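Derivation of every value follows stated rules applied to the coordinates shown; laboratory data play no part. Bear in mind that the values here come from a model prediction, so they are computed numbers and not experimental data. We place every Cβ from the backbone using ideal geometry, glycine too, and count neighbours over all the protein chains shown.
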Amino acid sequence: MPFAQLTDVRIHYDLSGHSNCPVVVLSNSLGTDFSMWDSQMPAFQESFRVLRSDTRGHGKSDVTPGPYSIEQLGRDVLGLLDALHLDRVHFCGLSMGGMIGMWLALNAPSRLQKLVLCNTAAKIGTPETWAPRIDAVRKGGMKSISAAVVERWFTPSFRAKSPQVIATTQRMIESTHPEGYVANCAAVRDFDERERIAAIRTPTLVICGAHDPATTPADARFLADHIAGARLAELNAAHLSNIEDPARFTEEVSSFLLA
């Protein structure tokens, strides 16, 4: 897989699909790499040129000194688009990736055609809820939180019937660099666009998981209610809805982007 050297960070990415197809950028959740989108790739590559990357501090991308901000991560996306000579793209982000999508829609709307905000919120948690997780990772590494994170990401029934998926996901979390994870926790913790979200004019689809304890259906309804013309789709899943309900997720995103 190739790398792009941006101003202060080297970003690991994958660009695949037919060059004459519209480009969709897939942006990952906190604690994952771009393999989290593997279930979507066969279908997406039939209709799109798909750009995936490891967010700064994750996967094979550089771990630069933190804390990070969503603005910083959004500018990484713009830098990657510029490096690959991609002008306007569709953007689909999940959780932290959705926050990056909101930042782009508010600050670089000319680069976006359509926006998909998945299992995300205009604000996630509080400093008081983020502090214990950051402290745990600093003291005990990623293994100290991985089991609890997986429990939030998937419903009990899915965890019971898909042990291999759960094991693979937990390994992905545990392979995340602790300093990169903590730096990105700060980015999510400090993001709050509840007052500005109504300024988004990019055509938007909001996806939520009916059983998501992290970014709830109420959080999704807030986005859909405040972004003009936005449509809401609720899936039978918890937080990583693209993995737990992949067929419905892929269909909802594809039909929206191709309409």
Averaged over all viewing directions, the convex hull of the alpha carbons in the stretch 41-80 casts a projected area in nm² of 3.6
In whole percents, the bins of 5 Å from zero upward hold the Cα-Cα pairs of the chain as 1, 6, 14, 19, 21, 19, 13, 5, 1, 0
Eigenvalues of the alpha-carbon gyration tensor of the stretch 25-127, times 5 and square-rooted, give semi-axes in Å, largest first, of 20, 16, 15
Fewest first, what order do ASP87, ASP212 take by the number of other Cβ atoms within 10 Å?
ASP87, ASP212
In whole Hz, the Karplus estimates of ³J(HN,Hα) for the stretch 20-28 (6.51, -1.76, 1.60; θ = phi - 60°; x where Gly or Pro) are 8, 8, x, 8, 10, 9, 10, 10, 7
Reachable lysines, given that their alpha-carbon falls under 25 Å from the alpha-carbon of LYS123 and they are not under 8 places away in the same chain:
LYS114
Based only on other Cβ atoms within 10 Å, what is the fewest-to-most ordering of LYS161, LYS60, LYS114?
LYS161, LYS60, LYS114
Quick one: order HIS90, HIS211, HIS85, HIS18 by neighbouring beta-carbon count within 10 Å, fewest to most.
HIS85, HIS18, HIS211, HIS90
Given the options GLN113, GLN40, GLN72, which has the most mean-square fluctuation in a GNM of the chain, springs set between C-alpha atoms less than 10 angstrom apart?
GLN72
Rounded to whole Å and sorted largest first, list the principal axis extents of the Cα atoms in the stretch 95-148.
43, 20, 16
What is the spread of the Cα atoms of the stretch 146-259 along each of their three principal axes, largest first, in whole Å?
39, 32, 24
The stretch 105-188 - Rg and Dmax from Cα coordinates, angstrom:
15.6, 44
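Could you calculate the FRET efficiency of ALA199 with ARG221 from 1/(1 + (r/R0)^6), where r is the beta carbon distance between them and R0 is 25 Å, rounded to 0.05?
So, using R0 = 25 Å, E works out to roughly 0.85.
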